[in-house]
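**Q** The structure follows.
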Amino acid sequence: MIRQYELVERVSSYDPATDEELLNRAYVFSMKAHGAQLRASGDPYFSHPIEVAGILTDYHLDCATIATALLHDTVEDTVATLDEIDDLFGSEVAKLVDGVTKLSKLELRSEANREAENFRKLLLAMSDDIRVLLVKLADRLHNMRTLRFLKKREKRQRIAIETMEIYAPLAERLGMRQIRDELETLAFAELNADAHDAINQRLKLLREDAGNMVERVTGELGQTLEEAGIEAEISGREKKAYSVWRKMERDRVEFEQLADITAFRIVVDTVPQCYQALGIVHGRYRTVPGRFRDYISTPKRNGYRSIHTTVIGPERQRTEVQIRTREMHEVAEFGVAAHWAYKQGQSTSAGPHYRWLQEPLEILEHAESPEEFLEHTKLAMFQDQVFCFTPKGEVIALPRGATPVDFAYAVHTQVGDSCVGAKINGRVVPLRTELANGNQVDILRSSTSHPDPSWESFVVTGRARAAIRRFIRNRERAEHIRLGRAIVEKVFRQSGHEITEEGVGHVCKVFKMKDEDELYHAVGIGQLTSRQVLHTAFPGERPWSGRGAIGAINRVLPARWRTSADKGNGHAVPIKGLIPGMAVHHAPCCHPIPGDRIVGIVTRGKGVMIHTIDCASLEQFTEEDERWLDVKWDVEAGEEGLHVGRIRALVVNEPGGLSALSSVIAKNRGNISNLRFTNRGAHFFEMTVDIEVEDVKHLTDIITALRASPQINDVDRIRG
Ligand code: MN
């Protein structure tokens, strides 16, 4: 275990501005907070945060990060609170600790790779400071180093899988190759112990066979370069068991065929020297075709720069050689963490690093400028996305602003189409709720349900919008066909004709309609009139026009209603409860609600508008007989949703007047959807109130109850 003064010394060795007092306090605070807690290894728990801090000193991270490492488990695992951390160590450290705590609560619950990618993005999206991620990686590294002490195999496996799928690739993306290698090695040993041991065994045999091959080749390469006047640092290393294994898997080769299990690295001062060294190596040894990669002129997306080549080396063995400058080497080993080292004035060559930082930002699909990144050291990547879990732990990526409806459609079109509600983290929420990172979303479904056209106003994904529109289009078309058929049937019946297949076929031909559905659709949307259809089927026939000269509208309309009522309302078109965007609309002038006597007016291109039979606006249609349609409420279909009835109320202008009104309405299960003052006097004020009700009876009940209330002087339903 690293001792207090050792840790402080390490930090001050690379950071002259070390806040020693802060580190000392964090060390003591953490030790006290963790108290007698023990790790699975039997060590005091406190050894863990210290080791994590120690790992981060290798990366020359700043004081706030080291203090965070010391404190990173105190909020989650001890009685310490974030407020306390804030008081004692300041807001910067508190924010970092909070970030690490949040990340620790996320857990990969699925093994599928597709989701692993989204999970990595989720971690990135939640770390708004990259130092949070660095502490998390160091934390994971130490946990992996001590993984073997965990007794439960299942738990070890879960952690190892998570490491392999999430944390090792994250380290890779951040350019932290050392951490990635070690994480992979440790996870591989847990997940595939047999293969791990077998490969190590073989590597050992090979090593014994070749004697001190690494040393000899290093010596020969060094001499060759020296003769050419290039000063270089040369090192050789054996490939790690996991990378050998991956290679065997990927290239489907046997161990014996893996010739280049050792790699040599030539580190020089300048870029021209890299190419010079390359020329010398290629001049001296035979190259293996197809193995040359120049990541100096074309860096890897994580900023990695180096030249790779494979030659038949001094020992007549395939040998990989990497050539790079010292600076490239440091970046390759330390990745994004190198930024802090340079920020602290260790080097004046901030330029290349600055450029290098752009690269990971690009991989991480970050759109903002890198300058901003440098300035705030913020990880603003994926700020335009949000990542949520399905109940099974699958991670779904959505654009920011997405709602449970978008989520449902992202899972499956059928899930979206049958969505009736949603739970976020176990709580029922409105469907328009904006999702946040890490939310677990549970979609409530009903097989009899269908998309609500109003969803279109809040969904943000194209997929959801397209599905909702497609649904509306289909529903609307079916509705238009139904209406068109009813309209044609009416005019035929009124003129005493039967609709026959031949007749309809003839009409279709004349109007170049594919089939009767298309014909009825044309009538339903008002493109064709029923009169045109009748005339085509029976040339010379006049459509029935029983109205003749129409007198005062108020007198005629109830009579008209009676006409159809007398016939038992036999050809009235049943109207279901209102679905916005459908072919049938409730007129905004008279607010018809189930139970009202109603009439339909066919409007051009918009289907049918339903008015109450005494609506004043009907007057304008008196001369257009063919547009009238007898309609009735479809009682059997049941009512879908509520209807808005409008009333006018005269309320006493005294304390409690308004509350009397609203409580009477609420008591009678009515919901006020709008309220407007129309007149305000000294003793009374007049208002219009829109109330969601089930039907006319419901509204009448409410009106009666209001009339009974002493604070309410007068109540009427408003129409037109
Ligand atoms: Mn930890």
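**Q** Would you check if there is a residue in segment 190-210 being surrounded by 16 or more Cβ atoms within 10 Å (Cβ to Cβ), out of contact with any Cys (no Cβ under 6 Å at 6 or more places or on another chain), within 30 Å of LEU61 (Cβ to Cβ) and at pLDDT 85 or above?
**A** Yes, there is a match, as at least one residue in segment 190-210 is surrounded by 16 or more Cβ atoms within 10 Å (Cβ to Cβ), out of contact with any Cys (no Cβ under 6 Å at 6 or more places or on another chain), within 30 Å of LEU61 (Cβ to Cβ) and at pLDDT 85 or above.
To keep it simple, each residue is scored yes or no on (1) modelled with pLDDT of 80 or more; (2) in the same structural domain as ILE487 (by TED's automatic domain parsing); (3) within 30 Å of LEU483 (Cα to Cα).
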site	(1), (2), (3)
VAL608	no, yes, yes
GLU626	no, yes, yes
ALA637	no, no, yes
VAL651	yes, no, no
LEU658	yes, no, no
ASN671	yes, no, no
ASP690	yes, no, yes
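**Q** Still on this structure: Every residue in segment 152-182 that is over 24 Å from the mean Cα position of the chain (by Cα) and over 23 Å from PRO299 (Cβ atoms), please.
**A** LYS152, ARG153, GLU154, LYS155, ARG156, GLN157, ARG158, ILE159, ALA160, GLU182
**Q** Would you check if LEU444 is within 13 Å of the chain's Cα centre (by Cα), more than 30 Å from ILE525 (Cβ to Cβ) and at pLDDT 85 or above?
**A** Numbers: within 13 Å of the chain's Cα centre (by Cα): no; more than 30 Å from ILE525 (Cβ to Cβ): yes; at pLDDT 85 or above: yes.
In short, no.
**Q** If ILE665 satisfies every condition in (1) buried (at least 17 other Cβ atoms within 10 Å of the Cβ); (2) in a strand (DSSP E or B) but one, which is the exception?
**A** Of (1) buried (at least 17 other Cβ atoms within 10 Å of the Cβ); (2) in a strand (DSSP E or B), only one is false for ILE665: (2).
**Q** Which residue, of GLY526, GLY484, is farther than 30 Å from ALA402 by Cβ and in contact with a helix residue (DSSP H, G or I) (Cβ under 8 Å, 6 or more places away or on another chain)?
**A** Selected residue: GLY484, the only one of GLY526, GLY484 that is farther than 30 Å from ALA402 by Cβ and in contact with a helix residue (DSSP H, G or I) (Cβ under 8 Å, 6 or more places away or on another chain).
**Q** Return the pairs, sorted by first residue and then second, in which the second residue is away from the ligand (no atom under 11 Å from the Cβ) and not in a helix (DSSP H, G or I), the first residue lies in segment 48-74 and is of a type in the set (A, V, I, L, M), the beta carbons are less than 7 Å apart, and the residues are 6+ apart or on different chains.
**A** From segment 48-74, the pairs are ILE50/MET1; ILE50/ILE2.
**Q** Hey, another quick one. Counting just the residues of segment 22-37 that are over 39 Å from the mean Cα position of the chain (by Cα) and not in a helix (DSSP H, G or I), which one comes out farthest from HIS72 (Cα to Cα)?
**A** Among them, the one singled out is ALA36.
**Q** Return yes when ILE296 is under 11 Å from ARG324 (Cβ atoms), surrounded by 16 or more Cβ atoms within 10 Å (Cβ to Cβ) and either of a type in the set (S, T, N, Q) or touching a helix residue (DSSP H, G or I) at 6+ places or on another chain (Cβ under 8 Å) (or both) and no when it is not.
**A** yes
**Q** Output the residue which, of all residues in segment 423-450 that are among the aliphatic types (A, V, I, L, M) and within 12 Å of CYS388 (Cβ to Cβ), is most open to solvent (accessible area, probe 1.4 Å).
**A** ALA436
**Q** Listed residues PHE46, PHE89; which is open to solvent by less than 40 Å² (accessible area, probe 1.4 Å), more than 16 Å from the ligand (Cβ to nearest atom) and more than 32 Å from the chain's Cα centre (by Cα)?
**A** Working: PHE46 fails: more than 16 Å from the ligand (Cβ to nearest atom).
Result of the check over PHE46, PHE89: PHE89.
**Q** Let me ask you something else. Can you go through ALA94, ALA53, ALA80, ALA116 and tell me which one is at pLDDT 85 or above, away from the ligand (no atom under 13 Å from the Cβ), open to solvent by less than 50 Å² (accessible area, probe 1.4 Å) and not in a loop (DSSP other than H, G, I, E, B)? Quick ask: steps written out before the conclusion?
**A** Details: ALA53 fails: away from the ligand (no atom under 13 Å from the Cβ); ALA80 fails: not in a loop (DSSP other than H, G, I, E, B); ALA116 fails: at pLDDT 85 or above.
Result: ALA94 is the single residue among ALA94, ALA53, ALA80, ALA116 that is at pLDDT 85 or above, away from the ligand (no atom under 13 Å from the Cβ), open to solvent by less than 50 Å² (accessible area, probe 1.4 Å) and not in a loop (DSSP other than H, G, I, E, B).
**Q** Here is a follow-up. Going through segment 120-154 one residue at a time, which ones are within 16 Å of the ligand (Cβ to nearest atom), modelled with pLDDT under 90 and more than 20 Å from GLY54 (Cα to Cα)?
**A** The answer is LEU123, SER127.
Residues checked against (1) more than 30 Å from LYS105 (Cα to Cα); (2) in a helix (DSSP H, G or I); (3) in the same structural domain as ILE601 (by TED's automatic domain parsing):
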{"site": "VAL415", "(1), (2), (3)": "no, yes, no"}
{"site": "LEU431", "(1), (2), (3)": "no, no, no"}
{"site": "ASN437", "(1), (2), (3)": "no, no, no"}
{"site": "ASP442", "(1), (2), (3)": "no, no, no"}
{"site": "GLU479", "(1), (2), (3)": "yes, yes, yes"}
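**Q** While we're on this one: Please work out which one of (1) touching a helix residue (DSSP H, G or I) at 6+ places or on another chain (Cβ under 8 Å); (2) more than 18 Å from THR413 (Cα to Cα) is the condition GLU501 fails and give its number.
**A** Single failed check for GLU501: (1).
**Q** Report yes if some residue within segment 461-480 is touching a Leu at 6+ places or on another chain (Cβ under 8 Å) and within 19 Å of ALA402 (Cβ to Cβ); otherwise report no.
**A** yes
**Q** Take SER564 and decide whether it is modelled with pLDDT under 60 and open to solvent by 50 Å² or more (accessible area, probe 1.4 Å).
**A** no
**Q** Here is a further query. Within segment 19-39, restricting attention to residues that are within 15 Å of the ligand (Cβ to nearest atom) and within 18 Å of ALA138 (Cα to Cα), which residue is most open to solvent (accessible area, probe 1.4 Å)?
**A** ARG39
**Q** Among the residues of segment 56-77, which ones are more than 16 Å from the ligand (Cβ to nearest atom), assigned to a helix (DSSP H, G or I) and charged (D, E, K, R)?
**A** ASP58
The values are calculated or read from the model by the stated rules, or taken from the named source; none is laboratory data. A quick note: this is a predicted structure, and the numbers were derived from the prediction, not measured. All Cβ positions, even for glycine, are placed from backbone atoms using ideal geometry, and neighbour counts span all protein chains on display. Areas reflect the complete protein model, heavy atoms only, side chains present, ligands, DNA and RNA absent. Shrake-Rupley method; radii C 1.70, N 1.55, O 1.52, S 1.80 Å.
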